[in-house]
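Below: the structure, in structure tokens.
The values are calculated or read from the model by the stated rules, or taken from the named source; none is laboratory data. Just so we're clear, the structure is a prediction, and the values are computed from it rather than from any experiment. Note that we place each Cβ from the backbone using ideal geometry, even for glycine, and neighbour counts take in every protein chain shown.
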């Protein structure tokens, strides 16, 4: 069966997140699966590269699915888009190797959080407006402390429910972007509410309520303080999913654990 890779953008404002759920059909994956199933004339199930939470957006989400019928990429792209609401859009479709898996093969994911320094009538669903003056340089100094392999218990919702709270952050920067301060983070994976709590902590630094080296202290010793500063989902975007370059060996697949008792909880989106 052909294996198709989709790159997707969406406005997550009115959705309950990416992942299909039993108690609602108002998820991004659900509307995509309905449109793809109608096009192919058979049930289609998507595998997403990452789960974005309710209200979180994507500029470059990646998913794959298999179907019995072989169609050209543009035919699939246009056919699915014709069945989608205006706030979800398939950017591209390509047929890929049968072994490709959107989630397991990803080597890193990149998110962007947009903090607005000004009140806006048109961008409200896509930013967090902070009224206070922000020191972007101090935020950038603090953001750099997230880089490396750290225990992110302080920045995770329900850390006790995770199989591990260690994350390798490859890049983290807070930069000026016109009227905004942009937090850009690339990492191996993300924990539930991790970026929103990182952002809230950096905003406290920008306000002058925390010293930049407070980040290092939260990474060294678990604290519930960052939970109080959790940023809203509106400013968060899944910007890009990175896969091995051509010629590079594929990422090792996780081994299936022996089932002893209930399965561990799945990771939630940042």
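Only one of (1) in the same structural domain as residue 185 (by TED's automatic domain parsing); (2) assigned to a strand (DSSP E or B); (3) touching a helix residue (DSSP H, G or I) at 6+ places or on another chain (Cβ under 9 Å) is not met by residue 91, so which one is it?
Every condition holds for residue 91 apart from (1).
Condition check ((1) assigned by TED's automatic domain parsing to the domain that holds residue 232; (2) touching a helix residue (DSSP H, G or I) at 6+ places or on another chain (Cβ under 9 Å); (3) free of Cβ contacts under 8 Å to residues at least 24 places away in the same chain) across all residues:
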{"site": "67", "(1), (2), (3)": "no, yes, no"}
{"site": "83", "(1), (2), (3)": "no, yes, no"}
{"site": "103", "(1), (2), (3)": "no, no, no"}
{"site": "161", "(1), (2), (3)": "yes, no, no"}
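Which residue out of 138, 133 is in contact with a helix residue (DSSP H, G or I) (Cβ under 8 Å, 6 or more places away or on another chain), assigned by TED's automatic domain parsing to the domain that holds residue 223, in a loop (DSSP other than H, G, I, E, B) and farther than 18 Å from residue 221 by Cα?
Details: 138 fails: in a loop (DSSP other than H, G, I, E, B).
Answer to the check: 133.
If you check residue 72 against the conditions, is it without any contact (Cβ under 8 Å) to a residue 24 or more places away in the chain, surrounded by fewer than 19 Cβ atoms within 10 Å (Cβ to Cβ) and not assigned by TED's automatic domain parsing to the domain that holds residue 197? Quick ask: steps written out before the conclusion?
Working: without any contact (Cβ under 8 Å) to a residue 24 or more places away in the chain: yes; surrounded by fewer than 19 Cβ atoms within 10 Å (Cβ to Cβ): yes; not assigned by TED's automatic domain parsing to the domain that holds residue 197: yes.
Spelling it out, residue 72 is indeed without any contact (Cβ under 8 Å) to a residue 24 or more places away in the chain, surrounded by fewer than 19 Cβ atoms within 10 Å (Cβ to Cβ) and not assigned by TED's automatic domain parsing to the domain that holds residue 197.
Across the range 155-164, what is the number of residues that are modelled with pLDDT of 90 or more and farther than 18 Å from residue 199 by Cα?
From the range 155-164, those modelled with pLDDT of 90 or more are 155-157, 164; that's our starting set.
Applying the additional criterion that residues be farther than 18 Å from residue 199 by Cα yields 164.
Matching residues across the range 155-164 total 1.
Can you tell me how many residues in the range 18-63 are touching a residue at least 60 places away in the same chain (Cβ under 8 Å), touching a strand residue (DSSP E or B) at 6+ places or on another chain (Cβ under 6 Å) and surrounded by 20 or more Cβ atoms within 10 Å (Cβ to Cβ)?
Let us first name the residues in the range 18-63 that are touching a residue at least 60 places away in the same chain (Cβ under 8 Å), namely 18, 28, 49-62.
In the following step, the residues that additionally are touching a strand residue (DSSP E or B) at 6+ places or on another chain (Cβ under 6 Å) were identified as 18, 28, 49-50, 52, 56-62.
Going one step further and asking which of them are surrounded by 20 or more Cβ atoms within 10 Å (Cβ to Cβ), we end up with 18, 28, 49-50, 52, 56-58, 61-62.
Adding up the residues that qualify gives 10.
Condition first: over 19 Å from residue 205 (Cβ atoms) and buried (at least 20 other Cβ atoms within 10 Å of the Cβ). Now tell me which residues in the range 106-145 satisfy that.
Within the range 106-145, the subset over 19 Å from residue 205 (Cβ atoms) is 106-110, 118-126.
Answer for the range 106-145, where residues must be over 19 Å from residue 205 (Cβ atoms) and buried (at least 20 other Cβ atoms within 10 Å of the Cβ): just 109.
Collect the residues in the range 215-234 that are in contact with a strand residue (DSSP E or B) (Cβ under 8 Å, 6 or more places away or on another chain), surrounded by 17 or more Cβ atoms within 10 Å (Cβ to Cβ) and either over 14 Å from residue 156 (Cβ atoms) or outside the structural domain of residue 127 (by TED's automatic domain parsing) (or both), keeping them in residue-number order. Reasoning before the result, please.
Residues of the range 215-234 that are in contact with a strand residue (DSSP E or B) (Cβ under 8 Å, 6 or more places away or on another chain), as a first pass: 219, 222, 231-232, 234.
With the extra rule that they be surrounded by 17 or more Cβ atoms within 10 Å (Cβ to Cβ), the set shrinks to 219, 231, 234.
Result: 231, 234.
For the range 141-162, give me each residue that is more than 20 Å from residue 227 (Cβ to Cβ) and part of a loop (DSSP other than H, G, I, E, B). It would help to see each step written out before you state the result.
Filtering the range 141-162 for residues more than 20 Å from residue 227 (Cβ to Cβ) gives 141, 144, 147-149.
Selection gives 147 alone.
Considering only the range 187-214, state which residues are buried (at least 18 other Cβ atoms within 10 Å of the Cβ) and more than 15 Å from residue 138 (Cα to Cα).
Across the range 187-214, the qualifying residues are 187, 190, 191, 192, 193, 194, 195, 196, 197.
Of the residues that sit in the range 163-186 and are free of Cβ contacts under 8 Å to residues at least 60 places away in the same chain and not in a strand (DSSP E or B), which one is nearest to residue 203 (Cα to Cα)?
My answer is 178.
Does the range 149-163 hold any residues that are in contact with a strand residue (DSSP E or B) (Cβ under 6 Å, 6 or more places away or on another chain) and crowded, with 17+ Cβ neighbours inside 10 Å, and which are they?
First, pick out the residues of the range 149-163 that are in contact with a strand residue (DSSP E or B) (Cβ under 6 Å, 6 or more places away or on another chain): 149, 151-152.
Of everything in the range 149-163, those that are in contact with a strand residue (DSSP E or B) (Cβ under 6 Å, 6 or more places away or on another chain) and crowded, with 17+ Cβ neighbours inside 10 Å turn out to be 151, 152.
Go through the range 80-96 and give me each residue that's in contact with a strand residue (DSSP E or B) (Cβ under 7 Å, 6 or more places away or on another chain) and more than 9 Å from residue 6 (Cβ to Cβ). Give the derivation first.
Residues of the range 80-96 in contact with a strand residue (DSSP E or B) (Cβ under 7 Å, 6 or more places away or on another chain): 80-81, 87-96.
Scanning the range 80-96 gives 81, 87, 88, 89, 95, 96.
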